[in-house]
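Asker: Here it is, the structure, as structure tokens.
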Number of protein chains: 2
Amino acid sequence: MTGNSMFNHCKIVDCTIRDGGLVNNWDFSVEFVQDLYESLNASGVEYMEIGYKNSPKLLKSEGKEGPWRFLDDEFLRKVIKEKKRTKLSALVDVGRVDEVDVLNRSESMLDLIRVATYARDTEKAIELGTLFHNRGYETTINIMALSNVMDNELNESLAMINDSPIDVVYIVDSFGSLDPDDMRYLVEKFRRALKNKRLGVHTHNNMQLAFANTLVAAQMGVELLDASVYGMGRAAGNTNTELLLAKMTRPEYNLRPVLGMIEKHMIKLREKEEWGYLIPDMITGTLDEHPRSAMGWRASEKRDLFTEFYDKMTTPEIFSK
Amino acid sequence: MTGNSMFNHCKIVDCTIRDGGLVNNWDFSVEFVQDLYESLNASGVEYMEIGYKNSPKLLKSEGKEGPWRFLDDEFLRKVIKEKKRTKLSALVDVGRVDEVDVLNRSESMLDLIRVATYARDTEKAIELGTLFHNRGYETTINIMALSNVMDNELNESLAMINDSPIDVVYIVDSFGSLDPDDMRYLVEKFRRALKNKRLGVHTHNNMQLAFANTLVAAQMGVELLDASVYGMGRAAGNTNTELLLAKMTRPEYNLRPVLGMIEKHMIKLREKEEWGYLIPDMITGTLDEHPRSAMGWRASEKRDLFTEFYDKMTTPEIFSK
């Protein structure tokens, strides 16, 4: 209820364009992205993740996705004409980046590059992250699908990262299946294994626990908190940027500009695109499954037939991971 | 993520008709209520709160509200033709009940009568609850708006209730302004002050913390957990019944029938009526204010002008509590 100083170490990383792009195929107008940047900056949000920095040479392009799918520095300079307090971030996937596309930070609009990886690809992620580090960027490694990794494999990954130059390691609840106790367990585990690292957290809202899980992590000292304006992100979406701003009542934060962004853009967008608490996503979250089956179901004619979806998902011989 | 035995002491009280009635003026068809009863019963939900048992003699009727606003035993017998495992509950407000309307439990469809009160009316609530107790009902007192009560007043209320025959005392987050730490604090406080009582919890979802707060309370031993199917309740709504069923994976619980209820009735209803996470309700939750101003705003032409609402709510001379 009360705001307080327990969040003074935290920084918000707004993922509206990057994770929200998974909802609308990155079909955000330049005006939308500019308005978002201005509102995040005025609200005091520290980072804006403006898209993916994968290479179209290494990731099949459908030819229909917006420019935030394959960020280009020249284009970015036209969009963000004046860099203000809010830093810019991009996400890359292991194996999808052409290193010749990545300028030195001194020549780039980007400040932070985050490498998303499955635990099994940790070595490649470190290699890639180290490259960015050497080019001057702040770097993170975001280990996805933690709820589906065996402990021995995860321990090995964390040990490797601890000895790398990567700045921040993320706890990612890809399936929205974690509860606050799970989060507490993972933060403790990461803290023990990563004595040299700062931590970050990325949540999904399948069980309506994204914000609560983020608060737990923040209270335990996790620094980088991912969020999206109005929760816009794949399937059930992310922790809401506006909730973090409302909760972490620091002098430098201001809820109002992000409310203006919601008012101007997000309500209309939500009428056209679908994200947030939806029953199929709740079901996959509960079952600790990737949301792709729920998203497929929502895109089909059977979108509102929840019991049929539940039956399929709980019959082992029909759907499997 | 995992279900477990830490919830074995819990019982779900589904408030869809009663709290949801605040959304649609109790305009639920008999078929809707019958389907809800059957689905809750098949899902293993222990209580269904089927409405208010206030008297139209003591609470101005608009003449337009559905029958669940002023429950009548004869009518109820026609609706619920066969009582099954799921018990029936009704809520009353202090000062709104005519005791001649309340049969002995042996002659009534109701099992549980809950008295909603502000802390200042605790004595009246105890008097009323004691009357129901003496007529054979299970009883609760639900202290509303806890976030707006001074501690000395609350302590006095709890001491009085502890010496009464009331079975259960509720922690009610009327404004949806509590976070998990607040809930932890209140449960500890209630536990200390109410050594002879069982506890219950009723949450609202303004900050998307209803489910997380309910889990915290449940893990600390709170027994009665209020919820609504698809979260239907006043303004931001309540903890979702389907989330509790999904989380508390006890052998006697079954998520599927409630999913069927959502599929058959709730999606259509949500298109017609509004509840759930909405920015004005988030703002009142953040500010620890009654949601009535948010509900009024949503009913006006300015419904989507969030910054204007925020400015009004944060300018002390315009709105006050």
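Okay, residues lined up against (1) hydrophobic (A, V, I, L, M, F, W, C); (2) out of contact with any Ser or Thr (no Cβ under 9 Å at 6 or more places or on another chain); (3) more than 16 Å from A:Thr139 (Cα to Cα):
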| position | (1), (2), (3) |
| --- | --- |
| A:Gly21 | no, yes, yes |
| A:Phe28 | yes, no, yes |
| A:Ser43 | no, no, yes |
| A:Glu46 | no, no, no |
| A:Glu49 | no, no, no |
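Asker: Here's a follow-up. Return yes when A:Leu209 is over 23 Å from A:Thr130 (Cβ atoms) and within 13 Å of chain B (Cβ to nearest Cβ) and no when it is not.
Answerer: Here the answer is yes, as A:Leu209 does meet what is asked.
Asker: Another question about this same structure. When you look at B:Asn8, is it modelled with pLDDT under 95, open to solvent by 10 Å² or more (accessible area, probe 1.4 Å) and more than 14 Å from chain A (Cβ to nearest Cβ), yes or no?
Answerer: yes
Asker: Applying the selection to segment A:118-143, what residues are over 16 Å from the mean Cα position of the chain (by Cα) and among the aromatic types (Phe, Trp, Tyr)?
Answerer: Residues satisfying the conditions are A:Phe132, A:Tyr137.
Asker: Only one of B:Thr117, B:Thr140, B:Thr122 is open to solvent by less than 10 Å² (accessible area, probe 1.4 Å), outside the structural domain of B:Asp288 (by TED's automatic domain parsing) and within 23 Å of B:Leu215 (Cα to Cα); which?
Answerer: After ruling out the rest, the residue left standing is B:Thr140.
Asker: Taking B:Met150 as meeting all but one of (1) open to solvent by 50 Å² or more (accessible area, probe 1.4 Å); (2) aliphatic (A, V, I, L, M); (3) under 25 Å from B:Asn25 (Cβ atoms), write down the number of the exception.
Answerer: (3)
Asker: For residues that are assigned to a helix (DSSP H, G or I), touching a residue at least 60 places away in the same chain (Cβ under 8 Å) and among the hydrophobic types (A, V, I, L, M, F, W, C), scanning just segment B:13-33, find the one that is least open to solvent (accessible area, probe 1.4 Å).
Answerer: Among those that are assigned to a helix (DSSP H, G or I), touching a residue at least 60 places away in the same chain (Cβ under 8 Å) and among the hydrophobic types (A, V, I, L, M, F, W, C), it is B:Phe32.
Asker: State all residues of segment A:54-93 that are under 24 Å from A:Leu269 (Cα atoms) and either in contact with a His (Cβ under 9 Å, 6 or more places away or on another chain) or open to solvent by less than 30 Å² (accessible area, probe 1.4 Å) (or both); if no residue qualifies, say none.
Answerer: The answer is A:Gly66, A:Trp68, A:Leu71, A:Leu76, A:Val79, A:Ile80, A:Thr86, A:Leu88, A:Ser89, A:Ala90, A:Leu91.
Asker: Within segment A:152-187, which residues are in a helix (DSSP H, G or I) and more than 14 Å from every other protein chain (Cβ to nearest Cβ)? Can you show your working first?
Answerer: Step one: filter segment A:152-187 for residues in a helix (DSSP H, G or I), giving A:152-162, A:180-187.
Selection gives A:Asn152, A:Glu153, A:Leu154, A:Asn155, A:Glu156, A:Ser157, A:Leu158, A:Ala159, A:Met160, A:Ile161, A:Asn162, A:Val187.
Asker: On to the next question. Only one residue in B:Gly237, B:Gly221 is away from every other protein chain (no Cβ under 13 Å) and at pLDDT 95 or above, so which one is that?
Answerer: Testing whether each residue is away from every other protein chain (no Cβ under 13 Å) and at pLDDT 95 or above leaves just B:Gly221.
Asker: Under 7 Å between Cβ atoms, at least 6 apart or on separate chains: pull out the pairs that start in segment A:59-73 with a residue that is over 17 Å from A:Val30 (Cβ atoms) and end on any residue that is modelled with pLDDT under 95 and open to solvent by 70 Å² or more (accessible area, probe 1.4 Å).
Answerer: A:Leu59/A:Arg96
Asker: Looking for whichever is in the same structural domain as A:Val94 (by TED's automatic domain parsing), open to solvent by 10 Å² or more (accessible area, probe 1.4 Å) and within 30 Å of B:Leu243 (Cβ to Cβ) here; the options are A:Asp182, A:Asp173. Which one fits?
Answerer: A:Asp182
Asker: Considering only segment A:185-209, how many residues are open to solvent by less than 70 Å² (accessible area, probe 1.4 Å), over 20 Å from the mean Cα position of the chain (by Cα) and of a type in the set (D, E, K, R)?
Answerer: Of the residues in that region, 1 qualify.
Asker: Does A:Glu271 count as of a type outside the set (Lys, Arg), touching a residue at least 40 places away in the same chain (Cβ under 8 Å), more than 10 Å from chain B (Cβ to nearest Cβ) and surrounded by fewer than 20 Cβ atoms within 10 Å (Cβ to Cβ)?
Answerer: No; evaluated as a whole, the condition is false for this residue.
Asker: Answer yes or no as to whether B:Leu243 is open to solvent by less than 10 Å² (accessible area, probe 1.4 Å) and within 9 Å of chain A (Cβ to nearest Cβ).
Answerer: Judged against the criteria, B:Leu243 is a match.
Asker: Let me ask another. With the requirement that a residue be out of contact with any Pro (no Cβ under 7 Å at 6 or more places or on another chain), under 28 Å from A:Ala218 (Cα atoms) and open to solvent by 10 Å² or more (accessible area, probe 1.4 Å), what does segment B:216-232 give you?
Answerer: Passing the criteria: B:Gln219, B:Met220, B:Gly221.
Asker: Let me ask you something else. Considering only residues that are more than 17 Å from B:Thr203 (Cβ to Cβ), more than 10 Å from chain A (Cβ to nearest Cβ) and of a type in the set (A, V, I, L, M), which ones fall in segment B:282-311?
Answerer: B:Met295, B:Ala299
The values are calculated or read from the model by the stated rules, or taken from the named source; none is laboratory data. Note that this is a predicted model, so its numbers are computed, not measured. A quick note on method: Cβ atoms are made from the backbone with ideal geometry, for glycine too, and the neighbour counts reach across all protein chains shown. Note: areas computed on protein heavy atoms with side chains; ligands, DNA, RNA excluded. Shrake-Rupley method; radii C 1.70, N 1.55, O 1.52, S 1.80 Å.
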